[in-house]
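**Student:** This is the structure I want to talk about, given as structure tokens.
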Amino acid sequence: MKYCRFLLDDQPHYGAVEDRTGEPWIVDLTHAPDEDLAFRLAHSHAAAPSLDFASLAFEPMPLRAASLLAPVTPSKIICVGRNYRDHARELGNEVPAEPLLFFKPPSSLLRPGGVVRMPAVAERVDFEGELALIIGKRVSKLAPDADWRSAVRGYTIANDVTARDLQKKDGQWTRAKGFDTFCPVGPIVSDEVDPEAGVTVETRVNGELRQHGSTLDFIFPIPALLCYISAAITLEPGDLVLTGTPAGVGPLKAGDRVEISIPGLGVLKNTFQPEND
């Protein structure tokens, strides 16, 4: 299963994605998940399964030709810090003994291809390429021996953009991680990747490789993260969990183009500009 979220006739829709002629295509319209409040508000008549997709003028199209949106509308975005040893050490931090959690607000979401606005109050804005997972059902106090995969709808790519100087100044991470546009996500969601078998995360800035890591290098694998998070926080369908970034993070300047790639999930591309431009 692969899907995306995109604009069609100026309205948000979900589309099934499959590979054709060596590239991903949106081949059919699909129903929005129940948690997609934006979709249901825009289409109050469309929340029911009887939505007549045939009445919409839709022809299959290459994914690159679509006006993509962030593929999720989460109630919350939970992030894991320092989940790669090399990344913890590159910033002079100790390797955590337990998962280090923080939030990004849903208002930080940004579509693929969107412009990340670099706030004037920040002197250094960093990229952090990550694998993210989308929760598929309510999860509370997940047991260690539970079937954690049944709780995951699929995976996508995220950029945990960070105002590094503000992160150090504030002593906690809410502002540094939470600016509007600081969570690009996409381009698709897929359940056809297996992080436990090893998924490669690569980040390029203006075409230059900056990050290369594997989910095999996680300090805390996904089952442990879901148990730890859900012991304190009930996860709802559509919630987004960012799993941590590998070593290689660094500062960006105006005009930089960041591309994060994960096999099976495509490439998340965004540019960076000052907020007042």
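The values are calculated or read from the model by the stated rules, or taken from the named source; none is laboratory data. No experiment lies behind these values; they were computed from the predicted model shown. Using ideal geometry, Cβ is built from the backbone for each residue, glycine included, and neighbour counts are taken over all protein chains shown. Accessible surface areas use protein heavy atoms only, side chains included; no ligands, DNA or RNA. Shrake-Rupley method; radii C 1.70, N 1.55, O 1.52, S 1.80 Å.
**Student:** Given charges of +1 on the Cβ of Lys and Arg and -1 on the Cβ of Asp and Glu, with all other atoms neutral, how large is the dipole of the stretch 142-200 about its Cα centre, in debye to the nearest 20?
**Tutor:** Numbers: 7 positive and 10 negative charges, 98 e Å.
Roughly 460 debye for the stretch 142-200.
**Student:** From the helices alone, meaning DSSP H stretches of at least four residues, give me the mean residue ellipticity at 222 nm for the chain, per-run term -39500 (n - 2.57), in deg cm²/dmol to the nearest 500.
**Tutor:** Values: 5 runs with 33 residues, N = 277.
Computed mean residue ellipticity for the chain: -3000 deg cm²/dmol.
**Student:** Here's another thing I want to ask about it. Could you tell me the center-to-center distance, by alpha carbons, between the stretch 63-104 and the stretch 201-277 in angstrom?
**Tutor:** Here the two parts' Cα centres lie 5 Å apart.
**Student:** Among T162, L8, F220, pick out the residue whose Cα is farthest towards the positive end of the charge dipole of the chain, where Lys and Arg carry +1 and Asp and Glu carry -1 on C-beta, about the Cα centre.
**Tutor:** Highest projection toward the positive end goes to T162.
**Student:** Per residue, how many Å² of accessible area does the chain show with a 1.4 Å probe? Walk me through the numbers before you get to the answer.
**Tutor:** Working: 12240 Å² over 277 residues.
I get 44 Å² per residue for the chain.
**Student:** Take the Cβ-Cβ distance between A16 and S150 as r, set R0 to 22 Å, and report the resulting FRET efficiency rounded to the nearest 0.05.
**Tutor:** Values: r = 21 Å, r/R0 = 0.97.
In this case the efficiency is close to 0.55.
**Student:** Which of these, G154, G207, G250, has the largest mean-square fluctuation under a Gaussian network model of the chain (Cα springs below 10 Å)?
**Tutor:** Fluctuation is largest for G207.
**Student:** Please report, in debye to the nearest 20, how large the charge dipole of the stretch 158-277 is about its Cα centre when each Lys and Arg carries +1 at its beta carbon and each Asp and Glu carries -1 there.
**Tutor:** Numbers: 10 positive and 17 negative charges, 106 e Å.
Using Cβ point charges on Lys, Arg, Asp and Glu, the stretch 158-277 gives about 500 debye.
**Student:** If I take every Cα pair under 8 Å that is 6 or more residues apart in the chain, average their sequence separation and divide by the length, what percent do I get for the relative contact order? Numbers along the way, then the final one.
**Tutor:** On the way: 680 pairs, mean separation 68.0, N = 277.
Relative contact order, the chain: 25 percent.
**Student:** Something else now. Could you give the radius of gyration (one decimal) and Dmax (whole number) of the Cα atoms in the chain, in Å?
**Tutor:** Cα radius of gyration and Dmax of the chain are 18.2, 57 Å respectively.
**Student:** Would you mind checking which residues have amide H under 5 Å from D239's amide H? H placed 1.01 Å from N; only 5 or more apart, or other chain.
**Tutor:** Here S75, I135 satisfy the definition.
**Student:** Scattering from the C-alpha atoms of the stretch 135-277 alone, worked out with Debye: what is log10 I(q)/I(0) at q = 0.12, 0.16 1/Å?
**Tutor:** Summing over Cα pairs of the stretch 135-277 leads to -0.55, -0.97.
**Student:** Can I ask one more? For the stretch 213-277, report the translational diffusion coefficient in µm²/s to the nearest whole number, using Stokes-Einstein at 4 °C, 1.567 mPa s, and a Kirkwood Rh over Cα pairs. Kindly include the intermediate steps, with their values, before the conclusion.
**Tutor:** Numbers: Rh = 15.0 Å.
Answer from the Stokes-Einstein relation: 87 µm²/s.
**Student:** Residues with beta-carbon under 10 Å from that of T181, excluding T181: net charge, scoring Lys, Arg +1 and Asp, Glu -1?
**Tutor:** Values: positive: R111, R117; negative: D180, E275.
Combined, the nearby Lys, Arg, Asp and Glu give 0.
**Student:** Give, rounded to the nearest 20 debye, the magnitude of the charge dipole that the chain has about its Cα centre when Lys and Arg contribute +1 at Cβ and Asp and Glu contribute -1 at Cβ. The partial results should precede the final answer.
**Tutor:** Working: 28 positive and 38 negative charges, 130 e Å.
My answer is approximately 620 debye.
**Student:** Could you pull the accessible area for W173 with a 1.4 Å probe, rounded to 10 Å²?
**Tutor:** Rounded to the nearest 10, the figure is 40 Å².
**Student:** Cα-Cα pairs above 25 Å in the stretch 58-199: how many percent? Intermediate values should be presented prior to the final figure.
**Tutor:** Details: 3461 of 10011 pairs.
Of all Cα-Cα pairs in the stretch 58-199, 35 percent lie more than 25 Å apart.
**Student:** Going down the list K141/K168; K2/K76; K104/K269; K168/K269, which pairs span over 25 Å between their C-alpha atoms? Write down the numbers at each step before the final one.
**Tutor:** On the way: K141/K168 32 Å; K2/K76 22 Å; K104/K269 20 Å; K168/K269 27 Å.
Violating the 25 Å limit, Cα to Cα: K141/K168; K168/K269.
**Student:** What is the set of long-range amide H partners of L142 at a cut-off below 5 Å, with H atoms built 1.01 Å from backbone N?
**Tutor:** Under 5 Å from the amide H of L142 lie the amide H atoms of S230, A231, each far enough along the sequence or on another chain.
**Student:** May I pose another question? Of the accessible area of the chain, with the probe set at 1.4 angstrom, what percent is carbon plus sulfur?
**Tutor:** Numbers: 6180 of 12240 Å².
Of the solvent-accessible surface of the chain, carbon and sulfur hold 50 percent.
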